[in-house]
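The values are calculated or read from the model by the stated rules, or taken from the named source; none is laboratory data. Everything quoted here is computed from the prediction, not taken from an experiment. Cβ: placed from backbone, ideal geometry, glycine included. Neighbour counts: every protein chain shown. Remember, those area values only see protein heavy atoms, side chains included, never the ligands or the DNA or RNA. Shrake-Rupley method; radii C 1.70, N 1.55, O 1.52, S 1.80 Å.
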Amino acid sequence: MIRILIVLALAGGLGFSLASWPLGWPFGAGPAGLGLLVVAGVAARGIWNRDSTSPPGSPERTLWVLMGSSAAIATHLLASLWRIGPEFELNTDAGHRLGIDSWSLVLGMGLAYAIARDPNPRSDERDAWIASRGTHWTSNTLASLVLLMAVVLAFEPTEEIRRLSRPAIAHVAILCVILAWLVGTLVQLYAYALDHAAAREPA
Amino acid sequence: MSGTPLGNHIRRLRFEHGEISQETLAQAVGITRQTVIALEQRRYAPSLELAMKLALVFGRSVDDVFFWSDAPPDLSLE
């Protein structure tokens, strides 16, 4: 469990750092984040290949990559939206920068997955059962966030919320989807963490 | 991720069959070692297909491998 929290905190820290990336630096936040996600994928593969006692299975490897990457993407998006403000527009420098950085991070997630994934994928009915628990939590979280968003937009329009542009609302909706997905991956990783803890218990 | 009301004799049967490892059993029935561990610790109830595969690999009936750990529920058709 502690490993999940550490990776979550590191990924969140990465997302926030990228959102406050200095403009004058020779390369942007997106390429930097992409590079760091690739390095994280290489490091994860190295660690898992050396683990002979209780290495993660194929679905768990995928979940680690998805969890770390989506936490970085979500925190980057959240911090960027916060920094830009409610009147965010797409065809502006800030809008273009957010688009490039976000898609670079998505590309980094894909590359990290390709590097760290199990070369010989293997899963069984219990993995499917754990995945169904994750889907359950994802759908419930998404429904809750959408309902919350609807209520806030419709019934509690503070001055800040009234000023929200359509692109800003659209990006908040995307953020809700990523957060729901993140909750699903966390639930699944917790189930696998229980597996590892049980495997370490004496027979 | 709680336990299941079904118990099983998988660990004992493994030892009775030449002390086969969890990994060997997992490969024989097409599951992962983690699932064998979860079954032995009663943290997972297998599908009927997996239960029958496990019984088959030990040469037993499903009833010989799996059992109600408490009194079975009082079920009746009437």
Tell me the angle of helix A:125-155 to the major Cα principal axis of chain A, expressed in degrees between 0 and 90 and rounded to the nearest ten.
20
Just check segment B:6-61 against the gyration tensor rule for me: Cα atoms, a ≥ b ≥ c as the square roots of the eigenvalues, rounded for a/c under 1.5, and otherwise prolate or oblate depending on whether a/b exceeds b/c.
rounded
With an 8 Å cut-off on Cα pairs and a minimum separation of 6 or more residues, tell me the relative contact order of chain A in percent.
32
Pseudo-spin-label distance A:A143 to B:I20, built 7 Å along Cα→Cβ, given in nm, is 4.3
At a 10 angstrom cut-off on C-beta neighbours, averaged per residue, how do the peptides A:170-177, A:75-82 rank from highest to lowest?
A:75-82, A:170-177
Give the distance, in whole Å, between the Cα centre of segment B:50-78 and the Cα centre of segment A:135-203.
39
Ignoring ligands, DNA and RNA, what percent of the 1.4 Å accessible area of segment A:2-196 is carbon and sulfur?
69
What ranking, highest mean first, results for peptides A:151-163, B:33-45 when packing means the other Cβ atoms within 10 Å averaged over each residue?
B:33-45, A:151-163
Give me a single rounded figure for B:30-41: the average over its residues of other chain Cβ atoms within 10 Å of their Cβ.
6
Karplus (6.51, -1.76, 1.60) ³J(HN,Hα), θ = phi - 60°, over segment A:51-59, in Hz, Gly and Pro reported as x
7, 9, 7, 9, x, x, x, 4, x
Angle check, please: helix A:29-50 long axis (alpha carbons) against the longest principal axis of chain A (alpha carbons), in degrees 0 to 90, nearest 10.
10
Between the helical axis of B:48-58 and the dominant principal axis of chain B, each derived from Cα atoms, what acute angle in degrees is found, rounded to the nearest 10?
50
Segment A:110-124 versus segment A:35-61: alpha-carbon centroid distance in Å
9
Take the Cα of A:A193, step 7 Å along the line toward its Cβ, and report every residue of segment A:39-53 whose backbone nitrogen sits under 14 Å from that point.
none
Once you average over the residues of A:120-128, how many Cβ atoms of partner chains fall within 10 Å of each Cβ?
5
Just check segment A:2-196 against the gyration tensor rule for me: Cα atoms, a ≥ b ≥ c as the square roots of the eigenvalues, rounded for a/c under 1.5, and otherwise prolate or oblate depending on whether a/b exceeds b/c.
oblate
